[in-house]
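Reviewing the structure listed below.
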Amino acid sequence: MIDQCDILAALRWHVDIGCDEVIGDEPLDWATLAARPAVARAPAGASALPPAAAPVARSAFGASSGASMFGAPVTADLPLGASEAGASARARAAEARSLEELESALRAFDGCPLKATAMNTVFADGNPAADIMLIGEAPGEDEDRQGKPFVGVSGKLLDRMLAQVGLDRSTVYISNILPWRPPGNRSPTQAEIAACLPFLERHVELIGPKVLVPLGGTSAKTLLNRAEGITRLRGRWFDYASPGLSGPVPVIPMLHPAYLLRNPIAKREAWRDLLTLRQRFPG
């Protein structure tokens with residue numbers, strides 16, 4: 001008897017790697033395939049099953065690999081699977097020797113399906129020579145439209161927060177874990193993060209900041225590779241290491257401005273975190 005917990009775990013795993021859509025109108029009970037009559041052997045090179053019933057090999061992003069769901073060959077370029085996308089992103093990011101080259105490589109990258117639904121690639125904003133690098137989660141609607149991070153309502157709050165401790169966009173550098181907006185501002189999947197993370201890691205290496213400030217839980221957990229939520233991580237100092245950096249970079253996670261808009265009482269914690277940041281990096 002199949003355990004329902006096992007079914008739920010399998011479904012969660014498929015969603016985490018990007019398999020979030022079905023490939024047929026009716027469900028197929030694969031357990032009964034062995035009991036079905038054998039199909040006459042097809043000519044060499046053809047599928048052994050009728051075209052309408054042939055199983056389709058799918059990438060982690062839901063695209064068929066080599067054939068359409070009706071058995072016809074696919075001639076268009078196919079999206080990369082999760083592992084292939086990550087490897088491709090890492091190779092392209094490693095080749096970038098400047099921010100301009102990195103941005104060009106990111107714009108040319110097709111391994112993340114979010115690119116197909118986004119209006120713009122949101123690369124960064126602020127001063128590349130700044131000591132402080134802020135990293136959010138993903139662009140929202142306003143950011144997607146304008147092609148810059150943190151320009152909507154939460155961005156305006158972030159600007160006010162920075163101003164309270166003597167900072168602005170000329171003294172910080174701002175980017176995101178993902179450069180493309182997830183549809184409906186939903187949370188990114190693990191597959192989407194994995195596909196884009198090599199570009200962010202190279203981004204940090206090229207900037208070489210003195211301190212990293214992940215904004216929100218997704219950014220903090222991704223950068224630090226930790227499972228705790230943002231309310232446990234915020235206000236604490238960690239280290240971020242990467243082969244392309246001269247040494248570990250201090251990290252202080254903070255609450256995302258969007259969270260503060262929904263929970264104004266948490267602004268006092270955000271204020272403490274900003275003061276902690278400025279006490280350690282007053283310049």
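Worth a mention:
- Of everything listed in (1) touching a Gly at 6+ places or on another chain (Cβ under 9 Å); (2) within 24 Å of Val204 (Cβ to Cβ), the single unmet condition for Pro243 is (1).
- Qualifying residue in the range 196-216 (condition: surrounded by fewer than 13 Cβ atoms within 10 Å (Cβ to Cβ) and touching a strand residue (DSSP E or B) at 6+ places or on another chain (Cβ under 6 Å)): no
- Selection status of Ala116, in a helix (DSSP H, G or I) and out of contact with any Ser or Thr (no Cβ under 7 Å at 6 or more places or on another chain): yes
- Taken over the range 216-228, the residue count meeting the criterion of being more than 14 Å from the chain's Cα centre (by Cα) and either assigned to a helix (DSSP H, G or I) or among the aliphatic types (A, V, I, L, M) (or both) is 2.
- Residue within the range 201-209 that is part of a loop (DSSP other than H, G, I, E, B) and modelled with pLDDT of 95 or more present: yes
- Looking at Pro179, Pro188, just one residue is crowded, with 18+ Cβ neighbours inside 10 Å, touching an Asp or Glu at 6+ places or on another chain (Cβ under 8 Å), outside any helix (DSSP H, G or I) and of a type outside the set (Lys, Arg), and that residue is Pro188.
- Residue among Ala91, Ala96 that is exposed (fewer than 14 other Cβ atoms within 10 Å of the Cβ) and modelled with pLDDT of 80 or more: Ala91
- Some residue of the range 90-100 being among the basic types (Lys, Arg) and either outside any helix (DSSP H, G or I) or in contact with a strand residue (DSSP E or B) (Cβ under 6 Å, 6 or more places away or on another chain) (or both): yes
- The listed residues are Asp142, Asp159, Asp168, and the only one of them that is among the acidic types (Asp, Glu) and either assigned to a loop (DSSP other than H, G, I, E, B) or touching a helix residue (DSSP H, G or I) at 6+ places or on another chain (Cβ under 6 Å) (or both) turns out to be Asp168.
- The residues of the range 238-273 that are assigned to a loop (DSSP other than H, G, I, E, B) and touching a residue at least 40 places away in the same chain (Cβ under 8 Å), listed by number, are Ser242, Gly244, Leu245, Ile252, Pro253, Leu255, His256.
- Checking Lys210, Lys267 one by one, the residue that is under 23 Å from Pro139 (Cα atoms) and of a type in the set (Lys, Arg) is Lys267 and no other.
The values are calculated or read from the model by the stated rules, or taken from the named source; none is laboratory data. Just so it is clear, the model here is predicted, and its values are computed rather than measured. Because the Cβ atoms are built from the backbone with ideal geometry, glycine has one as well, and the counts that use them run over all protein chains shown.
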